[in-house]
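The values are calculated or read from the model by the stated rules, or taken from the named source; none is laboratory data. None of the values given here were measured: they were computed from a predicted structure. FYI the Cβ positions are ideal-geometry reconstructions off the backbone, even for glycines, and counts take in every protein chain you see. Heavy atoms of the whole protein, side chains included, go into the accessibility calculation; ligands, DNA and RNA do not. Shrake-Rupley method; radii C 1.70, N 1.55, O 1.52, S 1.80 Å.
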Amino acid sequence: AETRALRRWFEGKGAPLQSRIALGAGVQLGGAATSPQALAQTDLLLVDARAWSALGESGRADVMQAVRAGMGLLLRADAPLPASALVTLRTPGFSLQGGEGTQPWSLPAARLADAVALRARMGAGSRDAPFDLVQAEDAIPPLARRAWRIEGADAAALSGDPLVGAWRAEGRGRIGVWTLLDSYQWPLHGRNDLYSDLWSDAVATLSRARAIAQPVFAGMPRIDERLSICGVRDDASVEAPDG
C-alpha cells in the first residue's frame, strides 16, 4: 500500500518514474535498472529494506558510487536489516541502530492547521468530492514507524522530525533513512496535503541537485546607462515597469 501511494503521488507530480518490485521466485514487476549507467541518470533512488539487502555488496557499492557522484538515496527502512547491509550507510557521525519492532508516531500538534488554513491548503475539491471541513478536522490517524535509532553529528532530520528519518551527505549526494511504515493512511483519510508535505520535503532534500545558472550583472545597474548581462537563457524576456 505504501508503494502504491508513493507511485500515485510521484505520477501526480509529473515526475518520470521507473520501478521494480520483486514478487519472489525470480518474478518481478517493472524494469527499473540499478546498473551504474542507469543510476547515473537517476535523481533519487527509493529502496525498501528487502530490496536493499537483495542488492548484495556489489549492488550496494554501485549505488554508493552513484550517490557520491550526486544521486540521492532514500532507504525505506521498513524491516530489520543485517549488519552487512548497514555497513555502507554508517559513518562515525551517522549511527543506525535497532530496527526491531515498531512504535506509534503522530504529527506534532504545531503542524496542524486551523479551519481557514485547511481550506486554503486543501482547496475547494471537486463536484464529486467537495471540500468537507468536518472530515478535514477529524483526528489525523497516527502512523507506525520502525524502531530505528539514528544519531550522530552528521545526522539531519528528514521532514522536520528525526523520528521520521534522517539524512547525511555522501560526496556530492545525500543518503536518507526513512522509518515510517504507513503514511498511505493520510491520503485515504482525505489529507493529501499532509502526505505531500511529508514526502515533498524528503524528496527535495535528497534528490540530485540540478542547479540552473543565474544571470550575472556586470557592473552596477543605473538608469540610462548600458549594462551587460551574462548567462541569459534563450527564453528570457524583459518586462517594462508598466507591465
**Prompt:** Taking the Cα centre of the chain as the origin, how large is its charge dipole in debye, to the nearest 20, when only Lys and Arg (+1) and Asp and Glu (-1) carry charge on their Cβ atoms?
**Reply:** 640 debye
**Message:** Suppose accessible area is computed on protein heavy atoms with a 1.4 Å probe; arrange 196, 237 from highest to lowest.
**Reply:** 237, 196
**Prompt:** In whole Å, how far is the Cα centre of the range 174-202 from that of the range 12-91?
**Reply:** 19 Å
**Excluding exposed DSSP-loop trypsin sites (Lys or Arg not before Pro) (at most 16 other C-beta within 10 Å), longest clean stretch of the chain** = 21-89
**Asked** In square angstrom, rounded to the nearest 10, how much accessible surface does residue 194 have for a 1.4 Å probe?
**Response** 10 Å²
**Request:** Express the carbon and sulfur contribution to the solvent-accessible surface of the chain as a percent, rounded to the nearest whole number, probe 1.4 angstrom.
**Result:** 52 percent
**Request:** At 1.4 Å probe size, with no ligands or nucleic acids counted, give the accessible surface of residue 53 in Å², nearest ten.
**Result:** 40 Å²
**Prompt:** In the full protein assembly as shown, how much of residue 100 is accessible to a 1.4 Å probe, in Å² to the nearest 10?
**Reply:** 140 Å²
**Fill in**
Of the residues 101, 86, 63, the Cα lying farthest along the dipole of the range 57-107 towards its positive end, which is defined by charges on the beta carbon of Lys, Arg, Asp and Glu, belongs to 63
**Request:** Note the direction-averaged projected area, equal to a quarter of the hull surface, for the Cα convex hull of the chain, in nm².
**Result:** 19.6 nm²
**Pairwise FRET efficiency - residue 223 versus residue 40, Cβ, R0 = 45 Å, nearest 0.05** = 0.40
